Amino acid sequence: MLSVVVDGFFGDTGKGKVVSYLSLRDDVDIVVRAGVGPNAGHTVVYQGKEYKLRQIPSGFVNKRSKLMIGAGVLLYPPRFFEELDITDTKNRAYIDFQTGIIEDRHIEEERGSEHLSRKIGSTRTGCGAAMKDRVLRKLKLAKDIPELKPFLKDVALEVNQALDKGERIIIEGTQGTFLSLYHGTYPYVTSKDVTASAFCSDVGVGPKRVDEIILVFKSYVTRVGGGPLENEYSEEEAREKGLLEIATVTGRVRRAAPFNFNYAKRAVMLNSPTQIALTKLDILFKEDYGKNKFEDLSKEAKNFIESIEEGLKIPVTLISTGPDTEQMIDRRLELGLL
Ligand code: IMP
Ligand code: MG
């Protein structure tokens, strides 16, 4: 049983929270991280503790889950080792032999680049520079780094064999559909494709193996860095509405806009989701904070969710009502999807 989790806007929709919830609720065997690399920050709040993860998959909260990083992903070893400590996952974290390695010179190259730092508003984590070297076929891979030896695995083989055995697997995507190098708002995008198809390729599974594609939308849209954002609020408006967020990796203020059906419909087209996860509902509807049952939601929140289901023709199965992993409405059972 393979699920792919993909972001339908510009990143920062709460994929980390969704993946952490699913890893526990569905007792997932393997959570494998796809996407670009340590430019992504996934936040998990579990048992009163907040974790900001850039390499280790958010499914670490399930102590039984194996945690893997795909061949298409970039790894910055110092950050990886730091997160192994924070999450205490040395004995169940694995990296593909062919995962690409970010070196300090890649980070320096981005810091020194006017184009990336100023125009694009890159996270300056070396991802774009490392991808460039990968395309030129001179990037080091995980198998070239002695300290990574204990963690190396053929992740593609592991994942495919686990699927043959009927195990449960989540592919955790990063960034967001409109940051895709191919389908996003070029040049204001990241250095790879970040749609569901790309995440399969990052790990090494064929598209026919996928059972569920969970498209994550936040109840409003945010973006960090440069590039277009339809119906953008001024910083003042965003603050008044309680939508001002600070970016996990860079500490920048995120730009904000209302939920956007143009983006959402195109994200559906690009990712072919079977389900939608809607996050931060409690930010739009304060009275719905922490609720665990759909029927307990306010009339306004229910109407909002219905308008999404009608507009997109995909069921909203997971609804996040607070930052904690447990603050989730899960409608999969009642909708016959579990
Ligand atoms: P880069 O991927 O660091 O080169 O950044 C390119 C653009 O993508 C910038 O606008 C970043 O702010 C944005 N970006 C990259 N990763 C993420 C993410 O995980 N969340 C949100 N924005 C991101
Ligand atoms: Mg993020």
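Please enumerate the residues belonging to the range 158-179 that are touching a residue at least 40 places away in the same chain (Cβ under 8 Å), farther than 20 Å from His106 by Cβ and of a type outside the set (D, E, K, R).
Val159, Asn160, Ala162, Leu163, Gly166, Ile169, Ile170, Ile171, Gly173, Gly176, Thr177, Phe178, listed by residue number.
Mind checking which strands (runs of 3 or more DSSP E) fall wholly inside the range 131-229 and carry at least 2 residues that are open to solvent by 10 Å² or more (accessible area, probe 1.4 Å) and at pLDDT 95 or above?
Output list reads 212-218.
Of Ser117, Ser113, which residue is modelled with pLDDT under 95 and closer than 28 Å to Pro228 by Cα?
Ser117
What pairs can you find where one residue is in the range 243-263 and free of Cβ contacts under 8 Å to residues at least 40 places away in the same chain, the other is in a strand (DSSP E or B) and near ligand 2 (Cβ under 10 Å from one of its atoms), and their Cβ atoms are less than 8 Å apart, with a gap of 6+ or different chains?
From residues that are free of Cβ contacts under 8 Å to residues at least 40 places away in the same chain, the pairs are Arg255/Thr222; Ala256/Thr222; Ala257/Thr222.
Has the range 47-62 got any residue that is free of Cβ contacts under 8 Å to residues at least 60 places away in the same chain and under 20 Å from Arg223 (Cα atoms)?
yes
Any idea which residue in the range 120-129 is nearest to Pro228 (Cα to Cα), counting only those that are of a type in the set (Gly, Ala, Ser) and part of a helix (DSSP H, G or I)?
Only one residue fits best here, namely Gly128.
Return the residues of the range 230-272 that are polar (S, T, N, Q), under 18 Å from the mean Cα position of the chain (by Cα) and either more than 25 Å from Leu116 (Cα to Cα) or open to solvent by 70 Å² or more (accessible area, probe 1.4 Å) (or both); say none if nothing qualifies.
Answer for the range 230-272, where residues must be polar (S, T, N, Q), under 18 Å from the mean Cα position of the chain (by Cα) and either more than 25 Å from Leu116 (Cα to Cα) or open to solvent by 70 Å² or more (accessible area, probe 1.4 Å) (or both): Asn271, Ser272.
Being touching a residue at least 60 places away in the same chain (Cβ under 8 Å) and away from ligand 1 (no atom under 15 Å from the Cβ) is the filter here, so list the residues in the range 219-242 that pass it.
Scanning the range 219-242 gives a single hit, Ser219.
The values are calculated or read from the model by the stated rules, or taken from the named source; none is laboratory data. Every value quoted in this text rests on a predicted model; they were computed, and no experiment measured them. So basically every Cβ, Gly included, is an ideal-geometry build from the backbone, and we count neighbours across all protein chains shown. Each accessible area value is taken on the protein alone, full model and side chains, heavy atoms only, with ligands, DNA and RNA left out. Shrake-Rupley method; radii C 1.70, N 1.55, O 1.52, S 1.80 Å.
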